[in-house]
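Notes follow the structure.
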Amino acid sequence: MTLNHILCGAGIDMRIASLACRSFYSLLRSSVSVRQWVHKVTEYGYAAIALADANSMYGAVDLFKYARQADIKPILGVEILTNTQRAVLLAENGAGYRNLCRITTARNLKPDFDLIECLSNHNKGLICICDQKQLLRPLKQIFDKNNLFAGCRDSAETALAAAYNTKPVAYDNFDYLDADDITIIRLLDKIRKLSVAGPGPQDHNVLQQLIPEEQFKQKFSNNCEALRNAEGITQRCNFNLLNGKYHLPKIELPRGKRADTELAGRCHRGLANKYNPVSTKVVKRLEHELAVIRQNSFSDYFLVVHQIIDFAKRKHIPVEVRGSAAGSLVSYVLGFTRVCPIENNLYFERFMNPGRKDCPDIDIDLCWRRRDEVIRFCYDNWGTDYVAMVSNINRYRRRSAIRDVARAFGIETSKINELVKNREANSDSAIYNMAERIVGIPRHMGVHCGGIVITSRPVREIAPLELATKGVIVTQYDKDAAEAVGLVKIDLLGNRALSTVNEAVNIVNKRSHHLDIDTVDPSDEKTANMLSSGDSLGVFQCESPGMRQLLRGLKVRNKRDVAIALSLIRPGPASGGMKTEFIERYLHGKPFTYLHPKMEEVLGDTHGVMLYQEDVMRIAVEVAGYSIGDADRFRSEVSKKVSSLRLQQQYEDFVYSRADGVGMDRHAAEAIWDQILRFAAYSYCKAHATVYANIAWQTAFIKANHTRQFYTSLLNNHQGMYPLRVYVWDAIRHGIRILPPHVNKSDVEWRMENKAIRAGLNMIRGLSYTTINNLLEQKKLRPFANIDDLRRRVRFHKPELKNLIHVGACDGLGKSRPAMLGQLYLTPINPEQMLLFDIRRNLSQLPEYDRIEKLKAEIDVTGIPLSLHPTVLFRSGFTSAATLDRFINQEVTVAGFIAAARRAKTNDGRIIGFVTLEDSSGLAEVTFFPDQIEKYYGICTASGPVWVKGRVTEHLSSIALECYNCGRAA
């Protein structure tokens, strides 16, 4: 029997929590993950783990998730830390959790935060542990005696509790697990103190290591009360964060109206507008969907989404839902999507089904320019207390880790850039080794690209809030954690393709045409011919080298073919040669046999090939006899990274139980399982593919039929996979004249000018929008007559006008660019003033730029060669990209600029590289097989033009070059 047993009562085996642990979610104050804490606390014999991070609850979901796996009790807390105040607060119950969220939010958002003042209003359900003398007295005025404890690290410190007549508790701030952690924590501390955001509040000076429970209890051998109180806290804290409840938004309705009937009414009105006549089949489907929504209490959620989308439409903001939500008839009749689920045979059960209880995910794509208007509407409509953006936890990656470690080591910026650039070659130095150790540790909070939560009660009662680096208030829970605690995230995502289509249509319709993009022919011949030739730069989701190759190989003829291509390009369908196999069956009628007779009912339209995630569900239901709910769980688990044990259970259930139950032989079941497993992890949802195919077809239709309008819009909304210069020259290759920016002719952005496209003033580097607006206002009054007129009427900062002249944006306002640049050093003349001698006469003799100087000026000021492609200046002997098809299986050399580069892994784990080279004639695709991968790295780090020598190959009607050698071309 231990001394602790003797002093604290024989036979009493007190079990205590590790009060309290600090994880790496105490940003840059610890290096230990929640998972590591849970593992070690369990190993050391504690009854529970209490997590209390500094001013944060980022790790709350991790705590409950990993504690559940380890079968140990979780206790959620926060260490409230200011420059003068420090205390640990633990949530005893739901009320305590809500107050924990309120206090953490106030600590992070209120500049004048005071812990005592905040606790005075929000203390219910909280247990407070404090070891600061100056705080214990005011805290006693707030807390019941059973909810305030003096934190004691050993028996000697219990005197503090006695002095203030406060209960002692066995407690310590545990910072690390092993001695190796100390070096990393000190490094992170130095990084934090060097950060732009500042060091934050001062921390405790001594780092504490977690020790086994029995060893910790020995420290209190002379004061069993502290241990009894620790045990009491462990028993009292019974809050469960992951309780499966949803915090759904609510919509305000007139008294007596219910969300279910309101949603049904709106849907039936929408149904009458969409279908004429309305068939019994369609009505039955709508009623089925509404019943599922009603059973899961999601009617309010759909009405909230309807309000958001309705606002966007009323404001003429392009909008469309993505993902499985487009497979719902409710989504279609409410106007969430333009895609008809009946016409496209979309599967509602992939989105929602009676067996699926989690909240449906509705992601909304919006015009990227006007997305903020929609976000502002949400705040204005539901109130700032009920709306928040979702956070993104930015963790260290290798590049950022190297930068921060090097900065902490005092290395100068130029050397740091060199270290980052050469990280592949020199990976054995101390900086690289230290950087590797902090990879994956959270660094700071950011804002999720589009996630927003709307709640029926203040968000700060459900999740803690803080100010992200961009000045936006966000939940401390990221998207996965927010979902886990029951917050319903709505993604409001900027989609530049929607903006491209919308702007192009507006330009077309200004010129007396009437183009209704939603009713264009889904089999338009010009569009089909363009796509099937691989001419798809700028076409949504269709411009990657692999996609352009597939469009050629598939010989796309209509919108449905585009949906097939979008799915077929995914690694799932492409695995095991199924991409080529599908093309052979689809185009050439290659005979094949279904793995099971029932598979024909499911995969008849796709020639026996699984293309969509819905195919997995339908096979499970229609071939193997699963229920809809079980089939959805099956699809989810075989397509995500679940444990090998869970995957083995699914395998045994499918092959040995379900297959036997429907009379399927073992061989067929094994073959279907293997195909599902290869396919499912990287497959596309059919509804998502159909929506994106619709946008892609619209984009392609405009490019094929209204080419100048397309490129004008594309250049204004550019965010493709290639640099802007590639699209400019693609337009030139399509016979469109590109004009440089000019002060008398340009607008802010690109615009059509007769049969050409004029570059906008926003292309000029260093030209502020204030100057652009002033310039445009003056131009409206009258054109600029000369360079002095321009100088008098518009106030420029020093480099702005120089850049305008240099690039040719002032051509015609003076004798030559050199002459106008010379005039910048002279005071503008008054046109009414007589001069006996004018120094400008000498300037006028300066010769104009030649074509090389003009080209250099364009690249210097805009980054784009507008008048001349640099590759036409290369020496002869290079084969142009456009003529490679004449040299199949021959060795040639091409030269150009790198437009894109990427790496991939082969089946045996080796690296293969792909580079897209651009010359004046087009794009050339270059492959670097694993034995040439060092050459890939070499030219990817080279600046300027490069050359590649290799063999020309053809596959699926597409041409590529297998690299043998390469280097810099200039």
Next on the checklist: If I ask for residues that are closer than 30 Å to Leu804 by Cβ, of a type outside the set (S, T, N, Q) and not in a loop (DSSP other than H, G, I, E, B), which ones from the range 856-886 would you list?
Outcome noted: Lys856, Ala857, Glu858, Ile859, Asp860, Val861, Pro870, Val872, Leu873
Item to check | Failed criterion for Asp203 (all others in (1) closer than 24 Å to Pro442 by Cα; (2) touching a residue at least 12 places away in the same chain (Cβ under 8 Å); (3) open to solvent by 30 Å² or more (accessible area, probe 1.4 Å); (4) not in a loop (DSSP other than H, G, I, E, B) hold) | outcome: (4)
Next on the checklist: Contact list please: Cβ distance under 6 Å, first residue in the range 725-750 and more than 17 Å from Ala882 (Cβ to Cβ), second residue in a loop (DSSP other than H, G, I, E, B) and open to solvent by 20 Å² or more (accessible area, probe 1.4 Å), pairs at least six apart or on different chains.
Outcome noted: Asn744/Pro783
Item to check | Condition check for Asp361: assigned to a loop (DSSP other than H, G, I, E, B), of a type outside the set (S, T, N, Q) and within 19 Å of the chain's Cα centre (by Cα) | outcome: yes
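To keep it simple, each residue is scored yes or no on (1) under 36 Å from the mean Cα position of the chain (by Cα); (2) farther than 13 Å from Phe143 by Cα; (3) open to solvent by less than 40 Å² (accessible area, probe 1.4 Å).
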| position | (1), (2), (3) |
| --- | --- |
| Gly77 | yes, yes, yes |
| Thr84 | no, yes, no |
| Leu89 | yes, no, yes |
| Tyr97 | yes, yes, yes |
| Thr104 | yes, yes, yes |
| Pro111 | yes, yes, no |
| Ser120 | no, no, no |
| Lys124 | no, no, no |
Checklist entry - Which ones in the range 144-165 are farther than 18 Å from Ser18 by Cβ, under 50 Å from the mean Cα position of the chain (by Cα) and surrounded by fewer than 18 Cβ atoms within 10 Å (Cβ to Cβ)? => result Asp144, Lys145, Asn146
Next on the checklist: Here's a check for you: in the range 218-272, which residue that is over 29 Å from Leu51 (Cβ atoms) and of a type in the set (A, V, I, L, M) is nearest to the chain's Cα centre (by Cα)?
Outcome noted: Ile251
Checklist entry - If you take the residues of the range 374-388 that are within 20 Å of Cys449 (Cα to Cα) and touching a helix residue (DSSP H, G or I) at 6+ places or on another chain (Cβ under 8 Å), which of them is most open to solvent (accessible area, probe 1.4 Å)? => result Tyr386
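Results for (1) over 16 Å from Asp674 (Cβ atoms); (2) among the basic types (Lys, Arg); (3) in contact (Cβ under 8 Å) with a residue 24 or more places away in the chain; (4) in contact with a Cys (Cβ under 8 Å, 6 or more places away or on another chain), shown as yes or no for each residue.
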residue	(1), (2), (3), (4)
Gly604	yes, no, no, no
Val609	no, no, yes, no
Ile619	no, no, yes, no
Asp630	yes, no, yes, no
Phe634	no, no, no, no
Next on the checklist: Criterion first (within 18 Å of Tyr171 (Cα to Cα) and open to solvent by less than 10 Å² (accessible area, probe 1.4 Å)) does Leu63 satisfy it?
Outcome noted: no
Checklist entry - Asn889 passes all but one of (1) touching a residue at least 60 places away in the same chain (Cβ under 8 Å); (2) in a helix (DSSP H, G or I); (3) open to solvent by 60 Å² or more (accessible area, probe 1.4 Å); which number fails? => result (2)
Checklist entry - Do we have any residue at all in the range 521-534 that's surrounded by 22 or more Cβ atoms within 10 Å (Cβ to Cβ) and outside any helix (DSSP H, G or I)? => result yes
Checklist entry - Restricting to the range 786-809, what's the tally of residues that are touching a residue at least 24 places away in the same chain (Cβ under 8 Å) and either farther than 28 Å from Leu868 by Cα or assigned to a helix (DSSP H, G or I) (or both)? => result 15
Next on the checklist: Quick check on Gly553: is it touching a residue at least 60 places away in the same chain (Cβ under 8 Å), of a type in the set (Gly, Ala, Ser) and more than 30 Å from Arg678 (Cα to Cα)?
Outcome noted: no
Checklist entry - Could you count how many residues in the range 214-227 are open to solvent by less than 10 Å² (accessible area, probe 1.4 Å) and outside any loop (DSSP other than H, G, I, E, B)? => result 4
Next on the checklist: Out of the residues in the range 16-60 meeting the condition of being in a loop (DSSP other than H, G, I, E, B) and of a type in the set (A, V, I, L, M, F, W, C), tell me which one is nearest to Tyr171 (Cα to Cα).
Outcome noted: Ile16
Checklist entry - If we only count helices (runs of 4 or more DSSP H) wholly inside the range 560-607, which ones have 2 or more residues that are open to solvent by 60 Å² or more (accessible area, probe 1.4 Å)? => result 578-588, 599-603
Item to check | Lys780 vs. criteria open to solvent by 40 Å² or more (accessible area, probe 1.4 Å) and either assigned to a loop (DSSP other than H, G, I, E, B) or more than 27 Å from Leu724 (Cα to Cα) (or both) | outcome: yes
Checklist entry - Can you spot a residue in the range 338-350 that is part of a helix (DSSP H, G or I), touching a residue at least 24 places away in the same chain (Cβ under 8 Å) and open to solvent by 10 Å² or more (accessible area, probe 1.4 Å)? => result yes
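The values are calculated or read from the model by the stated rules, or taken from the named source; none is laboratory data. Remember, it's a predicted structure, so these values are computed and weren't measured experimentally. Counting neighbours? That spans all protein chains shown, and the Cβs are built from the backbone with ideal geometry, glycine included. Quick note on the areas: whole protein, heavy atoms, side chains included, nothing else; ligands and nucleic acids left out. Shrake-Rupley method; radii C 1.70, N 1.55, O 1.52, S 1.80 Å.
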